Structure formats: structure tokens, C-alpha cells
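J.: Just passing along the structure, written as C-alpha cells.
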Amino acid sequence: MKKYIYLCFAFLCFGFFSNAQTKKMKKAQKSFDDYNFRKAINQYESLVKNGNTTPAIYQNLGDANYLNANYAEASKWYQKLEELDEKDLDIEHMYRYAQSLRSTKEYEASNELMVKLAARKQGDSRIDKFMKNRDYLEKMKERSGTYPIDNLSINSPESDFAPSFRMEGLVFTTSRDSNIISRNIHNWNKKQFLNLYTATETSDGSFKNIMRFSENLNTKLHESSTAFTKDGKTVYFTRNNENKGKFSRDKNGYSRLKIYKAEMINGTWMNIQPLPFNNDSYSVAHPTLNNTEDKLYFSSDMPGTLGQSDIFVVDINSDGSFGTPVNLGDKINTESKETFPFISTDDVLYFASDGHPGLGGMDIFATDMKNSDYGIVVNVGEPINSNADDFSLIFNSVTNKGYFASNRADGKGDDDIYAFLELKPLDLSCYKEISGIIKNNETKELIEEARVILYNHKNEIVAETESELDGSFNLKGDCKVGDYIVIASKSKYEDGNLLLAHTDNEPIKNIELFLLQIEEVAPLGTDLAKYLKLKPVFFDFDKWDITDASQISMAKIAAYLKEHPTVKIQVGSHTDARASRAYNMRLSNKRANSTSEYLLKLGIESSRLKALGLGETMITNGCIDFVICSEEEHQENRRSEFILVE
């Protein structure tokens, strides 16, 4: 009987323990669902100490730390989740794990995870961007050191971020009034209080008069991320959702963000109005104005968003109304977060993202919006970017000075504002790398010093180089989509060429161009255009300028002359038989001079050229005066010839 009583007591205790653990699990889940991540972390860690090691606990611990910017802790819990069963790591958590590893500078392990991700899922832009930029760390090192940085004196032990330019100073966001440090600046919670502050810059670059901004804008809600017109009299700013002036959440527990506009009237901020595309169902935040103040860029998770938040732009009409917001597309936006945009006066867009390849956490990126159709997104590198969260950059492209925020470990508080100076401009041009080798068509020997030219579909030269001793060449083409042609040429060889189709920015490597060796040498009196088997250099009717169609032939003639520096030619130009003989003689002289001038621009010395206009004296096909001919037949006579005379 005693044994039975002890056994029942043991089962009873186990029941009480199991029930208590279940209640603790529910409380932890509720804290997590309410975005009270710090409390959830403590509750889940207590459960782990008591032996609860389920995938759900590890996953939520990883997420709570990741979303609270505790990347080292997040990495630890994601690792435990992976150790239980790698299959329990879905795509999003594998990506967060990889990001967390970057933040702890475990780049090799992070890259290995990204390669695994690439094998598991196709079409994720974050994975595609990584796979196309496996050398992103090396590229970032090339840009690193461009910006010396300095922690500003205006920072407090709390969170300070989102600076913006206004007149002679800065307006910035701070939680110093609440005495509560806020790590998650994108997912605010009801315990945080963010206000707008202002500071005046002095002649030595320091700041004074640090004080709260207008009480008309600062409320019991959260105000953040301002954008001012150049005259300082209109402001766009972010405020969280409210109900009768109080913090408000929707039915899912979210407090959405909205952009408001206010105007300075007689020294007071008035007419505070929400923008018409705000919505209680999604957030609209972090505004910035372009230089002409007719476009507003912002971050949102509105319908049409590719990830957690995207960068959008909306037109500001002349009457003050707004157009329809437009997503900036997948060159900029990813399946993760893109936020805190800033557009400089020279149309460079800076933004923060954890979806593009970086150092971990949020990094700051830049892209040239003037070339938005085919430009590139560039990580600005260290020291602006770190393995922490770096965001809310602003930049004065006249003074080359700017500011950004970061929660890196050596700051004064949680998020700090840093100043920086741009020592050299970022290269935001898009280059398509094209490399290959030049070989003899018959012997397969490598050909050095061959001239290699890349032409676009308009016959314009995009890039050119010479092959090295080992026959190799490297070209940097542009990134415009379309057909291109690579032509290799060398004295005593026929040209080799290859048609290329540009469809993306991926490098084209290991192409081979074969040149056929020519034994004979052009004799005196030879027309180089015919000798080199080029298309004739024709002229349009009554014109003397070199046409687009003739530019390749002219380039090849110039190449031949450069390869034979002792050769001299007579540029003989002709007309058809229409118009008077005197007029045609004047026209042919213009054509001869135009042809010679074009060769001069291609680097041929004037001493090697003699221009001669021959009018209609050398008609090639019987289309003389009073003979009816087609336009094509007349075209055959409107030509320049390149006769070897020495």
C-alpha cells in the first residue's frame, strides 16, 4: 500500500510539473506573439534549463534574439535547431542563421549555409544576389576606408538614430525621454517612446543647442525619421498608429506606422495631416525627398511588397496631391527588409537592408537612380557598415559629409549617430566583365597584342583592350541589355568576332576568338577598305559626316594604320552624278576632310593622311549625268576610299 501511495504521489508530481511547464510554454509564446522579445527570451531560456529542447523553442529563441539584434545569441539557438534536424530549418530561418553568422564574423560558415540555401530554393533574390556576388567581401574591402567616422556628441545612453538635414543643423530621433533602450527600431512596442530632437552644427563640426523639436510634432506617440523641404518649412515624418491620441494596435497586435506632413506657419508647425496612402493594415514610414521635391521615397509593407518591407516612391504633384506609390523593384528590394531610404541631390539612393550581401545585420547600400534601369546596388563597406545594424544614412553631396546610425558595440548607447566624410566617390557604375583568349585559327597558338573591341548594337565602342602575352584579355562592358559583338584584330590576321547577348550582369568568361593569319601585304595603290574586306564607307545623300554604319570600318582602318606606322594613305572621296560638277567637287572635299578628321580622332597622325575630293569624276557603275539610276546605285558612288601611297 505504501509503495502504491508513493507511486501515485510521483505521478501526481509529474502531472503538476508537466502542467506547469505547459503553462510556462503558453506564457512564453504569448510574449513572443506580443513582440515582447526580451521577456520571451527569458521565459524560453528558463524552459530550456528545465530540459525543454523542442525545435519550436529553439526556433523562437533564435527569432526573438534575431529580431532584437542579438545576433550572437540568435546564431547559437539556430545552430541548436539545426543540430536537432537540419530539415527543421526552413528557408527563412536558414537565411537568418546565415545572417547571424555574418554578424559574428563567421563568414565561411555563413557562405556555406547560403550555398545550401541555393540548392534548396530557386528564385529567392537574396540567394541569387549572393550567388552572383560570392566575392562580395573582397569587393567591400576595395571600398572600405572611404569614410572616416566619428561618434557624435549629441548621442545619449539611449537610442539615437534617423538624422535628417534641416537648415544649419540636424533633426534626429531619440528615446532619451523614456529612459528605455529600444533595440528593435523597426518593430516598435508600447514600452518605447521616441521623440524628435534638434541640434545646431557649429563651425568646427560639433553640435550645440540640443533640445526637443516642436511640441506640436512630439506627442505621447512615437515620432521618427523626418524629411524637410530645402526651405525648412515643410516636414514629412513618421508616427505610429493612434486612436484618439493614444498608442494603438490592430487586431493582429501590430502598431502600424504612418507618414504625416506638417507646415511651418508664422514660426509654428501646423496643418499636421496623414498622407493619403497611409493605411491601418500596413506601415508607411521613413520618408525622404528628392532634390526637386517632386518625389517622396519611403519604406512600407503595403500590398505589392516583395519582402518584410520595401522601398517605394510616389510622385508629389504640383497641386500638392500625391500619385500612386510605386515599388522600386527587385534590383533594390528583396524578401527581407529594405528600409530608411535617403536620396541625395545627385540622385544616389542610400538605404538599409538585410537582404543584400553584407557584414551581418542591417547594412547600408547605395545605387545610382539616374541609371536605375541597369545600375548596381553597392554595399558602402566598412567602417560605415559593421557586423551590427547600420542604417538611416543621410549625405550632403556638396560638402561630402553625412551621418548614419548604428548599434555597434563601441557606441555610447544603444543606437548612436555617427558623422562621416566621403574621401572618394563610390563607383556606382555597372560593369559587365568579359574575358577570354585570342588564338591562331590554324595553329591554336596564343596571340598577344591583338586589339579587342566591344561594340554595342549601335556600333558604338563600349570598351577596348589588347591581349596579354598569354593571349588573354579582359573587358569591362556596360550593363545595358541587348546584343553586343566582340571583335579581335591584329596585323596580318583576319578579324575574329563573337556575338554576345547581355541579359544580366553576370560575367562572361572563357570565350575564345580565333584569327586567321594573312600572308600577303597590301601593295601600294590598294584601297584599304577592299583589302581588309570591310563594308564600304558610304555617305548619305548630300551629307559628309561618317554614318553609324561606317564606324566599324573606320575603326578597323585606323587599327591597320596603327599596326603599320610607316604606311600613308590618300583619302579619296566621291559623289554621285547628281547636282553640278562644281557643287559635287565641293561636297567631295567636305567628305574627304570629314573622313580624315575622323581618323585623326582615332589617333592617326595628320602627316600620314592626304584628303582629296574627286567629285563625280570616278563613277563606278555608269550612273553618270542624265542616266536614270536607283537610290542604291547612286549610293555606290557616294564613298571614301583609302589608297596606300607610301
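The values are calculated or read from the model by the stated rules, or taken from the named source; none is laboratory data. Bear in mind that the values here come from a model prediction, so they are computed numbers and not experimental data. Every residue, glycine among them, receives a Cβ derived from its backbone with ideal geometry; neighbour counts consider all protein chains shown. Side chains included, ligands, DNA and RNA excluded: accessible areas come from the protein's heavy atoms. Shrake-Rupley method; radii C 1.70, N 1.55, O 1.52, S 1.80 Å.
J.: Scan segment 260-301 residue by residue and report those that are farther than 17 Å from Thr234 by Cβ and β-branched (Val, Ile, Thr).
T.: Val284
J.: Across segment 404-413, what is the total count of residues that are of a type outside the set (A, V, I, L, M) and either at positive phi or open to solvent by less than 10 Å² (accessible area, probe 1.4 Å) (or both)?
T.: Initially, segment 404-413 is screened for residues of a type outside the set (A, V, I, L, M), giving 404, 406-408, 410-413.
Applying the additional criterion that residues be either at positive phi or open to solvent by less than 10 Å² (accessible area, probe 1.4 Å) (or both) yields 404, 406.
Summing the residues that are of a type outside the set (A, V, I, L, M) and either at positive phi or open to solvent by less than 10 Å² (accessible area, probe 1.4 Å) (or both) in segment 404-413 gives 2.
J.: Follow-up question, since we're still on this one. State yes or no: is Ser491 touching a Pro at 6+ places or on another chain (Cβ under 9 Å) and in contact (Cβ under 8 Å) with a residue 12 or more places away in the chain? Before the answer, list the steps.
T.: Details: touching a Pro at 6+ places or on another chain (Cβ under 9 Å): no; in contact (Cβ under 8 Å) with a residue 12 or more places away in the chain: yes.
No.
J.: Also: Of the residues Lys439, Lys476, Lys444, which is part of a strand (DSSP E or B), open to solvent by 50 Å² or more (accessible area, probe 1.4 Å) and among the basic types (Lys, Arg)? Steps first, answer last, please.
T.: On the way: Lys439 fails: open to solvent by 50 Å² or more (accessible area, probe 1.4 Å); Lys444 fails: part of a strand (DSSP E or B).
Result: Lys476 is the single residue among Lys439, Lys476, Lys444 that is part of a strand (DSSP E or B), open to solvent by 50 Å² or more (accessible area, probe 1.4 Å) and among the basic types (Lys, Arg).
J.: Name the residues in segment 306-320 that are in a loop (DSSP other than H, G, I, E, B) and modelled with pLDDT of 95 or more, would you? If you could, list the steps in order and put the result at the bottom.
T.: To start, the set of residues in segment 306-320 that are in a loop (DSSP other than H, G, I, E, B) comprises 306-308, 317-320.
Matches in segment 306-320: Asn317 only.
J.: On the basis of being out of contact with any Phe, Trp or Tyr (no Cβ under 9 Å at 6 or more places or on another chain) and not acidic (Asp, Glu), does Ala69 make the cut?
T.: On the way: out of contact with any Phe, Trp or Tyr (no Cβ under 9 Å at 6 or more places or on another chain): yes; not acidic (Asp, Glu): yes.
In short, yes.
J.: Something else about it: Going through Ser435, Ser491, Ser472 one at a time, which residue ends up being hydroxyl-bearing (Ser, Thr, Tyr), within 33 Å of the chain's Cα centre (by Cα) and closer than 25 Å to Pro565 by Cα?
T.: After applying the criteria, what remains is Ser472.
J.: What helices (runs of 4 or more DSSP H) completely inside segment 515-624 contain at least 2 residues that are open to solvent by less than 40 Å² (accessible area, probe 1.4 Å) and under 30 Å from Ile437 (Cβ atoms)? I'd like the intermediate steps shown before the answer.
T.: Numbers: elements: 528-531, 551-563, 581-601.
Qualifying helices (runs of 4 or more DSSP H): 528-531, 551-563.
J.: Considering Leu101, Leu84, Leu89, which residue is crowded, with 21+ Cβ neighbours inside 10 Å, more than 29 Å from Asp414 (Cα to Cα) and either under 33 Å from the mean Cα position of the chain (by Cα) or without any contact (Cβ under 8 Å) to a residue 60 or more places away in the chain (or both)?
T.: Every option except Leu89 fails the conditions.
J.: Right, here's the next one. Specify which of the listed residues (Asp124, Asp150) is of a type in the set (D, E, K, R), in contact (Cβ under 8 Å) with a residue 60 or more places away in the chain and within 30 Å of Asn209 (Cα to Cα).
T.: Working: Asp124 fails: within 30 Å of Asn209 (Cα to Cα).
The conditions single out Asp150.
J.: Then there is this: Quickly run through segment 104-114 and pick out the residues that are surrounded by 14 or more Cβ atoms within 10 Å (Cβ to Cβ), assigned to a helix (DSSP H, G or I) and out of contact with any Lys or Arg (no Cβ under 6 Å at 6 or more places or on another chain).
T.: Within segment 104-114, Tyr107, Ala109, Asn111, Leu113, Met114 meet the criteria.
J.: Kindly list, by first and then second residue, each pair from a residue in segment 451-463 that is more than 15 Å from Ile511 (Cβ to Cβ) to a residue that is part of a strand (DSSP E or B) and acidic (Asp, Glu), limited to pairs with Cβ atoms under 9 Å and residues at least 6 apart or on different chains.
T.: Listed by first residue and then by second, the contacts come to Arg451/Glu464; Arg451/Glu466; Asn456/Asp483; His457/Asp483.
J.: Hey, among Gly381, Gly355, Gly361, which residue is buried (at least 24 other Cβ atoms within 10 Å of the Cβ), of a type outside the set (D, E, K, R) and in contact with a Lys or Arg (Cβ under 6 Å, 6 or more places away or on another chain)?
T.: Checking each option against the conditions leaves just Gly355.
J.: Scan segment 72-81 residue by residue and report those that are aliphatic (A, V, I, L, M) and open to solvent by 10 Å² or more (accessible area, probe 1.4 Å). Spell out the reasoning first.
T.: To start, the set of residues in segment 72-81 that are aliphatic (A, V, I, L, M) comprises 72, 74, 81.
Selection gives Ala72 alone.
J.: Looking only at segment 258-274, how many residues end up being touching a residue at least 40 places away in the same chain (Cβ under 8 Å) and among the β-branched types (Val, Ile, Thr)?
T.: Qualifying residue count for the region: 2.
J.: Answer yes or no as to whether Leu306 is in contact with a helix residue (DSSP H, G or I) (Cβ under 9 Å, 6 or more places away or on another chain), of a type in the set (A, V, I, L, M), open to solvent by 30 Å² or more (accessible area, probe 1.4 Å) and under 30 Å from Val380 (Cα atoms).
T.: Values: in contact with a helix residue (DSSP H, G or I) (Cβ under 9 Å, 6 or more places away or on another chain): yes; of a type in the set (A, V, I, L, M): yes; open to solvent by 30 Å² or more (accessible area, probe 1.4 Å): yes; under 30 Å from Val380 (Cα atoms): yes.
In short, yes.
J.: To continue, here is another question. For Asn218, only one of the following conditions fails: (1) surrounded by 16 or more Cβ atoms within 10 Å (Cβ to Cβ); (2) outside any strand (DSSP E or B); (3) out of contact with any Leu (no Cβ under 6 Å at 6 or more places or on another chain); (4) modelled with pLDDT under 95. What is its number?
T.: (3)
J.: Of all residues in segment 309-327, how many are open to solvent by 10 Å² or more (accessible area, probe 1.4 Å), among the aliphatic types (A, V, I, L, M) and in contact with an Asp or Glu (Cβ under 7 Å, 6 or more places away or on another chain)? Can you show your working first?
T.: Within segment 309-327, the subset open to solvent by 10 Å² or more (accessible area, probe 1.4 Å) is 313, 315-327.
Now narrow it down to the ones that are among the aliphatic types (A, V, I, L, M): 313, 316, 326.
Still in the running and in contact with an Asp or Glu (Cβ under 7 Å, 6 or more places away or on another chain): 316.
The number of residues fulfilling the criteria is 1.
J.: Right, something else. Give segment 447-461 a look and list any residue that's surrounded by fewer than 19 Cβ atoms within 10 Å (Cβ to Cβ) and either in contact with a Gly (Cβ under 7 Å, 6 or more places away or on another chain) or over 15 Å from Leu500 (Cα atoms) (or both), or say none.
T.: First, the residues of segment 447-461 that are surrounded by fewer than 19 Cβ atoms within 10 Å (Cβ to Cβ): 448-449, 456-461.
Once the filter is applied, which keeps residues that are surrounded by fewer than 19 Cβ atoms within 10 Å (Cβ to Cβ) and either in contact with a Gly (Cβ under 7 Å, 6 or more places away or on another chain) or over 15 Å from Leu500 (Cα atoms) (or both), segment 447-461 yields Glu448, Glu449, Asn456, His457.
J.: Something else: Quick one: in segment 261-279, of everything that is open to solvent by 70 Å² or more (accessible area, probe 1.4 Å) and over 19 Å from Thr219 (Cα atoms), which residue is nearest to the chain's Cα centre (by Cα)?
T.: Per the criteria, the residue is Pro276.
J.: Please count how many residues of segment 376-404 are hydroxyl-bearing (Ser, Thr, Tyr) and either assigned to a strand (DSSP E or B) or without any contact (Cβ under 8 Å) to a residue 24 or more places away in the chain (or both). Step through it out loud before you land on a result.
T.: Filtering segment 376-404 for residues hydroxyl-bearing (Ser, Thr, Tyr) gives 386, 392, 397, 399, 403.
Filter once more, so that each one left must be either assigned to a strand (DSSP E or B) or without any contact (Cβ under 8 Å) to a residue 24 or more places away in the chain (or both): 392, 399, 403.
So the count comes out to 3.
J.: Mind checking which residues of segment 418-436 are open to solvent by 30 Å² or more (accessible area, probe 1.4 Å) and farther than 30 Å from Asn151 by Cβ?
T.: Ser429, Tyr431, Glu433
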